[in-house]
Amino acid sequence: MTPRTSGHPDQVITVILGGGEGNRLFPLTQERAKPAVPIAGKYRLVDIPISLSLNSGIKRIFLLTQYLSSSLHRHVQQSYRFDDFIPRGFIEIVAAQKTREGTSWYQGTADAVRQGLIHFDNHPHEHVLILSGDQLYRMDFREMLDQHVASGSDITIATLPVDAGSAPSLGILKADGTRRITEFVEKPKDPAVLAKMESKSAMPKGRPFLASMGIYIFNRDALRQCLDGNDGKDFGKNILPAAIQTKKVSAYIHDGYWEDIGTIGAFYRANLDLLAREPKFDFGLGTAPIYTRARFLPGSVVEQCQVMRAIVSDGCTILQSVLDHAVIGIRSRIGENCQIRRSILMGADYFETPAQRKDNLKRKRPDIGIAEGTVIEDAIVDKNVRIGKNVVIRASGKSGDVDGANFFVRDGIVIIPKGATVPDGSVI
């Protein structure tokens with residue numbers, strides 16, 4: 001029998017890792033799981049791997065969750081309701097749980113998948129696609145699957161060509177001329193070790209190193225063998241270095257945009273990068289859009305504003321203000337004579353009613369949104385925040401980590417946490 005040289009998406013299940021605490025994204029993860037963090041005004045990080053999987057024809061998806069997962073569960077359940085138009089398609093949420101076998105909280109990426117095997121086995125499949133829930137990129141996984149099958153690999157790792165300056169902060173793989181991976185080093189700091197890790201596959205000029213993207217395709221049996229034969233908790237640190245010695249592990253080279261949204265700085269830059277005339281990542285690409293919840297909000301009202309590059313999401317009201325490199329989330333309210341510069345406003349989960357605004361007056365607190373005369377620069381304002389009149393929020397002059405009563409500073413950026421109140425006249 002002639003071996004297949006391409007795979008079929010119907011033979012694949014997707015597993016999205018969504019259980020990490022996201023400590024480096026604090027305080028955005030203070031009340032939510034990392035994949036539930038809003039991005040680009042109206043999306044959540046988890047929308048990206050789900051959409052990429054669906055657009056690649058892979059419609060059986062497991063989402064592994066653990067930490068502060070209620071808002072993540074709610075978003076997925078409200079956004080992705082499959083019906084007869086997507087036969088055999090589903091998104092199943094697998095939360096960490098105590099069982100008779102004694103398993104409990106996920107101890108790492110590999111441990112999460114190991115605990116999920118009992119759920120995956122209920123659905124016939126030949127391959128398992130493992131994705132992270134906190135990355136920004138585009139990829140057609142059918143191309144990666146075709147290479148995986150054609151090469152006869154047990155495991156294929158998506159990799160990104162990087163230069164010597166970026167390599168020490170990433171997991172670096174060495175591949176031979178056939179793209180078979182022969183070595184793996186996690187964050188190589190020693191120049192001598194790094195020099196030995198240049199890959200022999202055809203590489204873009206100036207980027208001779210292959211960095212793991214944390215995206216894997218396993219043959220079904222190979223995944224079980226790797227997890228049963230190794231009690232390691234993490235794919236990058238434990239499972240893959242061992243598998244390279246006993247399995248055929250290959251590199252799939254992705255030479256495109258990829259951003260790991262692991263820190264406040266990375267999250268901030270990824271959002272503002274979307275404001276470019278030709279952004280590196282486009283949520284609205286016609287042939288493969290990023291999906292999210294359909295909210296049926298009204299169009300935004302923008303009255304006599306000066307706008308220099310901004311994303312304004314649905315349901316906003318912005319009055320006589322300046323938006324200069326700003327990402328404005330759903331249901332945002334910005335009063336007159338405000339300045340929003342190089343900042344991200346995540347908006348609100350609901351519109352306040354007249355009765356609620358009357359109660360705000362009684363309680364002497366601002367309405368949800370940004371009151372008149374306020375200046376916000378180099379900041380992230382989380383959801384449902386109340387910022388009073390004539391407030392000044394600026395990151396300039398702030399260094400190191402700062403934890404204030406109603407704000408935080410991380411990576412030189414001011415963050416106003418979800419649900420915080422900033423009184424009239426405050427200076428942060």
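The values are calculated or read from the model by the stated rules, or taken from the named source; none is laboratory data. Every value quoted in this text rests on a predicted model; they were computed, and no experiment measured them. Note that we place each Cβ from the backbone using ideal geometry, even for glycine, and neighbour counts take in every protein chain shown.
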Mind listing just one residue for me: the one in segment 203-257 that is under 21 Å from Gly152 (Cα atoms) and polar (S, T, N, Q) and, of those, nearest to the chain's Cα centre (by Cα)?
Ser212
Among the residues in segment 46-68, are any more than 21 Å from Phe141 (Cβ to Cβ), touching a Leu at 6+ places or on another chain (Cβ under 9 Å) and not in a strand (DSSP E or B)?
no
Can you tell me which residues in segment 55-74 are within 15 Å of Arg293 (Cβ to Cβ), surrounded by fewer than 21 Cβ atoms within 10 Å (Cβ to Cβ) and touching a residue at least 24 places away in the same chain (Cβ under 8 Å)?
Ser71
From the list Ala112, Ala158, which residue is of a type in the set (A, V, I, L, M, F, W, C), at pLDDT below 95 and either in contact with a Leu (Cβ under 9 Å, 6 or more places away or on another chain) or under 21 Å from Ile50 (Cβ atoms) (or both)?
Ala112
Among residues belonging to segment 178-230 that are in a loop (DSSP other than H, G, I, E, B) and over 28 Å from Leu136 (Cβ atoms), point out the one that is modelled with the lowest pLDDT.
Lys200
Among (1) touching a Leu at 6+ places or on another chain (Cβ under 8 Å); (2) of a type in the set (Phe, Trp, Tyr); (3) part of a loop (DSSP other than H, G, I, E, B), Phe296 falls short only on (1)
Residue list for segment 371-382, filter: touching a Gly at 6+ places or on another chain (Cβ under 6 Å) and crowded, with 20+ Cβ neighbours inside 10 Å
Ala371
Would you confirm, using the coordinates I've provided, whether Leu272 is outside any loop (DSSP other than H, G, I, E, B), buried (at least 16 other Cβ atoms within 10 Å of the Cβ) and of a type outside the set (D, E, K, R)?
yes
Name every residue in segment 289-325 that is more than 17 Å from the chain's Cα centre (by Cα), under 23 Å from His75 (Cβ atoms) and not acidic (Asp, Glu), in order of residue number.
Ala294, Arg295, Phe296, Leu297, Pro298, Gly299, Ser300, Ile311, Val312, Ser313, Gly315, Cys316
If we keep only residues of segment 317-366 that are out of contact with any Gly (no Cβ under 9 Å at 6 or more places or on another chain) and in a loop (DSSP other than H, G, I, E, B), then the residue nearest to Arg44 (Cα to Cα) is Asp349
Per the list (1) exposed (fewer than 15 other Cβ atoms within 10 Å of the Cβ); (2) touching a residue at least 12 places away in the same chain (Cβ under 8 Å), residue check on Pro354 breaks on (2)
All conditions in (1) within 24 Å of the chain's Cα centre (by Cα); (2) in contact (Cβ under 8 Å) with a residue 40 or more places away in the chain are true of Pro168 except (2)
For segment 139-153, check the following and say yes or no: at least one residue is assigned by TED's automatic domain parsing to the domain that holds Ala222, surrounded by 15 or more Cβ atoms within 10 Å (Cβ to Cβ), more than 27 Å from Lys280 (Cβ to Cβ) and touching a Lys or Arg at 6+ places or on another chain (Cβ under 6 Å).
yes
Here are some residues: Arg363, Arg386, Arg410. Which one is of a type outside the set (Ser, Thr, Tyr), crowded, with 18+ Cβ neighbours inside 10 Å and more than 22 Å from Ile318 (Cα to Cα)?
Arg410
Among the residues of segment 117-138, count how many are crowded, with 23+ Cβ neighbours inside 10 Å and not in a strand (DSSP E or B).
2
Among the residues of segment 397-412, are any out of contact with any helix residue (DSSP H, G or I) (no Cβ under 9 Å at 6 or more places or on another chain), over 20 Å from Arg24 (Cβ atoms), assigned by TED's automatic domain parsing to the domain that holds Asp324 and of a type in the set (D, E, K, R)?
no
Out of all the residues in segment 375-383, is one or more out of contact with any Pro (no Cβ under 6 Å at 6 or more places or on another chain), more than 16 Å from Tyr268 (Cα to Cα) and assigned to a loop (DSSP other than H, G, I, E, B)?
no
Looking only at segment 154-165, which residues are outside any loop (DSSP other than H, G, I, E, B) and either more than 23 Å from the chain's Cα centre (by Cα) or not assigned by TED's automatic domain parsing to the domain that holds Leu72 (or both)?
Ile155
The condition of being touching a strand residue (DSSP E or B) at 6+ places or on another chain (Cβ under 8 Å) and at positive phi holds, among Gly256, Gly265, Gly214, Gly236, only for Gly214
What are the residues in segment 225-262 that are polar (S, T, N, Q) and either in contact with a Gly (Cβ under 7 Å, 6 or more places away or on another chain) or not assigned by TED's automatic domain parsing to the domain that holds Leu170 (or both), if any?
Asn238
